[in-house]
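The values are calculated or read from the model by the stated rules, or taken from the named source; none is laboratory data. Small disclaimer: the values here were computed from a predicted structure and weren't measured. For accessibility, only protein heavy atoms count, side chains too; no ligands or nucleic acids. Shrake-Rupley method; radii C 1.70, N 1.55, O 1.52, S 1.80 Å.
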Amino acid sequence: MTPRKKGVLFVCTGNRARSHMAEGLLRHIAGDRFEVQSAGTRPSGMSEMTIEAMREIGIDVSQQLSKSVDDVAGHPFDYVITVCDSAREECPLFSGGEQLHWSVEDPSDAEARGVPLMQAFRLAREDLRQRIELFSREH
């Protein structure tokens with residue numbers, strides 16, 4: 001009998017960038033060791049820049065769907081990882097799962113911080129890649 005894969009849910013506010021990047025990265029880095037999904041507390045569709053930033057490193061996330069945490073509420077997760085501070089505050093509790101929080105800069109707010117937009121998506125991607133490589137080794 002094959003053991004059940006551990007479930008991982010990445011959550012950000014809009015499910016536009018960070019959570020989608022994290023979903024794609026964990027699938028790429030860990031192969032089929034995890035069942036991975038992403039969702040948003042207030043989903044607003046995936047950003048084209050998310051798709052482009054991931055394509056630059058050979059990962060296709062274009063078929064991932066932007067969804068609400070309500071859409072996955074009945075699914076069992078071993079890990080629920082919020083990747084932005086507002087999602088951490090708004091994310092419902094999922095029973096049985098370990099809640100983790102990674103504070104990753106919102107690439108959509110980059111221009112207000114004086115960072116070129118595409119560069120901000122790359123920085124968020126690399127921040128997530130480092131965290132996911134560590135997560136994958138430890139779990």
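Taking amide H as placed 1.01 Å from N in the peptide plane, the amide H of Phe10 sits under 5 Å from that of Gln37, Ser38, Ala39, Ile81, each at least 5 places away or on another chain. Given the options Arg33, Arg55, Arg113, state which has the largest fluctuation in a GNM of the chain using a 10 Å cut-off (strictly under) for Cα springs. It is Arg113. Taking the accessible area of the range 29-77, probe 1.4 Å, and keeping the other protein chains in place, the carbon and sulfur fraction comes to 47%. Result for the chain in a Gaussian network model with C-alpha springs under 10 Å: among Ala73, Ala17, Ala39, the largest mean-square fluctuation is at Ala73. Set against the 2.2 N^0.38 Å expectation for a compact globular protein, the chain has a Cα radius of gyration ratio of 0.98. Rolling a 1.4 angstrom probe over the protein heavy atoms with all chains in place gives the range 32-73 an accessible area of 53 Å² per residue.
Couplings for the range 56-64, taken from phi via the Karplus curve 6.51 cos²θ - 1.76 cosθ + 1.60 with θ = phi - 60°, read 4, 10, x, 10, 9, 10, 5, 8, 6 Hz in order; Gly and Pro are left as x. Taking amide H atoms as placed 1.01 Å from N in the peptide plane, the amide H of Gln99 lies under 5 Å from those of Val80, each 5 or more residues away in sequence or on another chain.
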